[in-house]
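The values are calculated or read from the model by the stated rules, or taken from the named source; none is laboratory data. From a predicted model like this one, the values you see are computed outputs, not experimental measurements. Using ideal geometry, Cβ is built from the backbone for each residue, glycine included, and neighbour counts are taken over all protein chains shown. Areas reflect the complete protein model, heavy atoms only, side chains present, ligands, DNA and RNA absent. Shrake-Rupley method; radii C 1.70, N 1.55, O 1.52, S 1.80 Å.
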Amino acid sequence: MASDYQPEGRAAVGPAGDVVTAASANDGCRDCVAHAALHRLRQVLSNVVALQEEFASSATHHHPDDIGYDREFALREALAQHFPEAVLLHRPSIADEESDKGYGMPDIAFASREVQPHRVLRNGRLYIDPRAVHCTVEVKSTLDGKELKSALAEVSRAQGAFRRRVGEDHFEFREAGSPLPYFPTQGGVFAFRSKLKLSTIAERVTEWTRGRPPELWPRFVTVLDRGHIMWCDRETGGARPWPAADSVLMMWEHRPPETDPTDPLVAMITQLDWMAQAWHVPGTWPGLRPLRLPHGLRVGIPVRPDGVPAPPDAKCEHLCANCHEFGRMTFDAQLRQDEAPTV
């Protein structure tokens, strides 16, 4: 376990506000960005196949806990390939190191490599302080109304944890109401299947948020056979990685054969990649790493609430670096369309 917590190279914001990374310091080739994005998206193809196979094979288990455990672990393994800067933990306990106050046991937690677990039980269970938790994901086999409420409650419990500073650097995050002195834990829900339409899920999430502050709202809900739900700006229709008080939910629907089975997972990973730019331990110098999937979040068929416009620059409605895999256009054409360097 100790080796999992060795810090990786991190991006840092230089004095002039520029982002400095090991890659940018040693390699000025912009083509590498396009190649890296393509490589990561091709990984998602195998990830989706593996998740679908796990869903089918785990159904033969006799005990429900075994089914859920294997499916959660399969998603954890898929996401770990895309976020090497974090330690992805399966069912850790989040508890304040000083007060021992608990904030739940998420199915998956993206934890900082810089903060060690403060307690490890003989059975291997880890207790991690909230300041170490960047993001959590609740995993459901089949999402219905009851399971959705349960997942949202767990997500909000982790997001509501106060993250104490470990150093003297100060960071202010303005999300909705009063500014927070740290970047809050983010969370979302992933399901393999759902008995509900994506629009029904969005409606129930909206109902659940009423009377709760935006910092407790889920950042996303992804259903592998339905699509991806996230927040958008009410005035512009632009997708947002996290909500503000006036944000509304939008959907990226998966509609076979118009869309590909990889689209919902690509949308989720792209949003996580977007949010991960600002992940840091409170009290440490805030770093900012560049996006690894630079072509924009356009995966699936966008559906916005009535009266919410589509952004004027929406030239296509899926992640451009993904579409050539399914014959939508050539990769060179995508790069020219997005004014990215030609491969």
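The sole residue among Met251, Met268 that is part of a strand (DSSP E or B) and within 22 Å of Val44 (Cβ to Cβ) is Met251. When you go through Val133, Val87, Val48 one by one, which is the residue that is hydrophobic (A, V, I, L, M, F, W, C), open to solvent by less than 10 Å² (accessible area, probe 1.4 Å) and closer than 18 Å to Pro264 by Cα? That would be Val48, the only listed residue that is hydrophobic (A, V, I, L, M, F, W, C), open to solvent by less than 10 Å² (accessible area, probe 1.4 Å) and closer than 18 Å to Pro264 by Cα.
Only one entry in Arg210, Arg193, Arg240 is touching a residue at least 24 places away in the same chain (Cβ under 8 Å) and either on the phi < 0 side of the Ramachandran plot or crowded, with 19+ Cβ neighbours inside 10 Å (or both), namely Arg193. For Trp279, the test of being part of a loop (DSSP other than H, G, I, E, B), at pLDDT 85 or above and of a type in the set (Phe, Trp, Tyr) is passed. It is to be established whether one or more residues within the range 229-236 are closer than 22 Å to Val48 by Cβ and within 15 Å of the chain's Cα centre (by Cα). Scanning the range 229-236, I find at least one residue that is closer than 22 Å to Val48 by Cβ and within 15 Å of the chain's Cα centre (by Cα), so the answer is yes.
Return the pair list, or none, for Cβ contacts closer than 8 Å from residues in the range 124-150 that are touching a residue at least 24 places away in the same chain (Cβ under 8 Å) and among the small types (Gly, Ala, Ser) to residues that are open to solvent by 10 Å² or more (accessible area, probe 1.4 Å) and assigned to a strand (DSSP E or B), at least 6 apart or on different chains. From the range 124-150, the pairs are Ser141/Arg193. Within the range 57-103, being touching a His at 6+ places or on another chain (Cβ under 9 Å) and aliphatic (A, V, I, L, M) holds for Ile67, Ala86, Ala95.
Applying the set (1) surrounded by 21 or more Cβ atoms within 10 Å (Cβ to Cβ); (2) closer than 28 Å to Pro264 by Cβ to Ile128 leaves exactly one unmet item: (2).
All conditions in (1) modelled with pLDDT of 90 or more; (2) surrounded by 17 or more Cβ atoms within 10 Å (Cβ to Cβ) hold for Ser150, with the sole exception of (2).
Within the span defined as the range 284-292, every residue fails to be in a loop (DSSP other than H, G, I, E, B), open to solvent by less than 30 Å² (accessible area, probe 1.4 Å), within 29 Å of Ala191 (Cβ to Cβ) and at pLDDT below 85.
Can you name the residue in the range 247-275 that is open to solvent by 30 Å² or more (accessible area, probe 1.4 Å) and touching a Pro at 6+ places or on another chain (Cβ under 9 Å) and, of all such residues, is farthest from Gly188 (Cα to Cα)? Step by step, filter the range 247-275, then rank; the result is Glu253.
Within the range 46-64, the set of residues being at pLDDT below 80 and either under 22 Å from Ala80 (Cβ atoms) or of a type in the set (Ser, Thr, Tyr) (or both) comprises just one member, Ser46. For Arg204, the requirement of being more than 20 Å from the chain's Cα centre (by Cα), open to solvent by 60 Å² or more (accessible area, probe 1.4 Å) and either at pLDDT below 95 or closer than 25 Å to Asp263 by Cβ (or both) is met.
Look through Phe162, Phe173, Phe220 and report the one residue that is buried (at least 23 other Cβ atoms within 10 Å of the Cβ) and closer than 30 Å to Glu114 by Cβ. Unique residue meeting the criteria: Phe220.
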